[in-house]
Amino acid sequence: MNIQDLVRPNIRQLVPYSSARSEFTGAASVFLDANENPFNNPYNRYPDPLQREVKALISQIRGIPAENIFLGVGSDECIDVVYRTFCRPGIDNVVAMSPSYGMYEVCADINDVAYRRVPLTDDFFLDADAMLAAADSCTKVMWICSPNNPTGNAFPLDVIAGLCSRFQGFVVVVEEYIDFSSRGSMLWHLAATPNLIVMQTLSKAWGSAAVRLGIAFASQEIIDIFNKVKYPYNVNLLTQRYAVDILKRHTEVTAWVDRLKENRTALIAALSGLPCVCHIYPTDANFVLVRVTDADAIYDFLRSRGIIVRNRNRVEKCLGCLRITVGTADENATLINTLLDYGK
């Protein structure tokens, strides 16, 4: 596979903007190159456009070289840069499983790229043959969310790897909830899979959704193209400093994840005993998809008691379902006690 052949022609020919901080790196005593205000240090200075310190820490934690890492303003920027790099507006298309995270389709619409949905099986399993059957010569990307949102389940790595080997475009595996799963990550397939892109985030296990930092892992060739396409200083200094701090606390974060897994087990057990709960789907994430007797009525009842869950009743294959995030033990107990009052 020639990666360059899959890049949009205008992007392939693009001469990227050369910022002051990309032309010079290293130590200096006087900076007079970027028209910065000399007062209000350090916020007067443009941040590192390649976020080197943050990437070095991610590299240590995930075991992936820093040159194989791209950082964006949340996963949404990482998703968008895939469209802007590979998909010709009005010509190319992408294939995605359904139901799944809604931003893949929204971003496709923004970029004028046709979005082809392929339903999961009734037990929410990925149908690789159906994904391939939906593709044609203009299909540039396949989106795989694993563990999936809103269904919660992760897909076998060999199934995803097989799809990568059979598809002549890019397979993007979004692993925002991977820290809560025992399935394992597709990161270890990167070196041998040139058309694989893996996305993760600081929003979930790392407890940093407000910070907006998304991560894409791919071959150095793909990362170099992404860096050419992105805006020069996309990740600000405050975000980079926070990311360095939280990444150094990875042992504490691991403890958070372990506690949430315990809370998830307890929550599922408690939900299973409620008369309003019909079915609880298996989950590898920090949430559970639950089919209930009346999703709209129960959602409204919980909202009236100040408890907000996600109503997925109108999402494909999720009829009658609520998506419930795993909270603290006290939050989960409040939810269960409130549901016990439902219908009384």
**Report entry** Yes/no for residue 335 being closer than 27 Å to residue 118 by Cβ and either modelled with pLDDT of 95 or more or in contact with a helix residue (DSSP H, G or I) (Cβ under 6 Å, 6 or more places away or on another chain) (or both)
**Finding:** no
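Go over the candidates 264, 314, 259 one by one and state the one that is in contact (Cβ under 8 Å) with a residue 40 or more places away in the chain and either in a loop (DSSP other than H, G, I, E, B) or touching a helix residue (DSSP H, G or I) at 6+ places or on another chain (Cβ under 9 Å) (or both). Full working, then the answer.
Numbers: 314 fails: in contact (Cβ under 8 Å) with a residue 40 or more places away in the chain; 259 fails: in contact (Cβ under 8 Å) with a residue 40 or more places away in the chain.
Checking each option against the conditions leaves just 264.
Are there helices (runs of 4 or more DSSP H) fully within segment 1-110 with at least 2 residues that are in the same structural domain as residue 178 (by TED's automatic domain parsing), among the hydroxyl-bearing types (Ser, Thr, Tyr) and touching a helix residue (DSSP H, G or I) at 6+ places or on another chain (Cβ under 6 Å)? List them. Give the derivation first.
Details: elements: 3-6, 9-12, 20-23, 52-62, 74-86, 103-110.
Because the criterion is at least 2 residues that are in the same structural domain as residue 178 (by TED's automatic domain parsing), among the hydroxyl-bearing types (Ser, Thr, Tyr) and touching a helix residue (DSSP H, G or I) at 6+ places or on another chain (Cβ under 6 Å), the helices (runs of 4 or more DSSP H) in segment 1-110 that meet it are 74-86.
Taking the condition of being in contact (Cβ under 8 Å) with a residue 12 or more places away in the chain, surrounded by fewer than 14 Cβ atoms within 10 Å (Cβ to Cβ) and in a helix (DSSP H, G or I), how many residues in segment 149-161 meet it?
Matching residues across segment 149-161 total 0.
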Query raised in the report: What number of residues within segment 275-305 are within 19 Å of residue 319 (Cβ to Cβ) and either in a helix (DSSP H, G or I) or touching a helix residue (DSSP H, G or I) at 6+ places or on another chain (Cβ under 8 Å) (or both)?
Result: 15
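Can you confirm whether segment 145-164 contains a residue that is outside the structural domain of residue 280 (by TED's automatic domain parsing), within 14 Å of the chain's Cα centre (by Cα) and under 26 Å from residue 7 (Cβ atoms)?
Yes, there is a match, as at least one residue in segment 145-164 is outside the structural domain of residue 280 (by TED's automatic domain parsing), within 14 Å of the chain's Cα centre (by Cα) and under 26 Å from residue 7 (Cβ atoms).
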Report task. Scan segment 208-230 and report the pairs whose first residue is assigned by TED's automatic domain parsing to the domain that holds residue 77 and within 18 Å of residue 56 (Cβ to Cβ) and whose second residue is basic (Lys, Arg) and surrounded by fewer than 23 Cβ atoms within 10 Å (Cβ to Cβ), with Cβ atoms within less than 8 Å and a gap of 6+ or a chain change. Result -> 217/62
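The values are calculated or read from the model by the stated rules, or taken from the named source; none is laboratory data. Model, not experiment: these values are computed from the prediction. Positions of Cβ are generated from backbone atoms using ideal geometry, with glycine treated the same way; all protein chains shown enter the neighbour counts.
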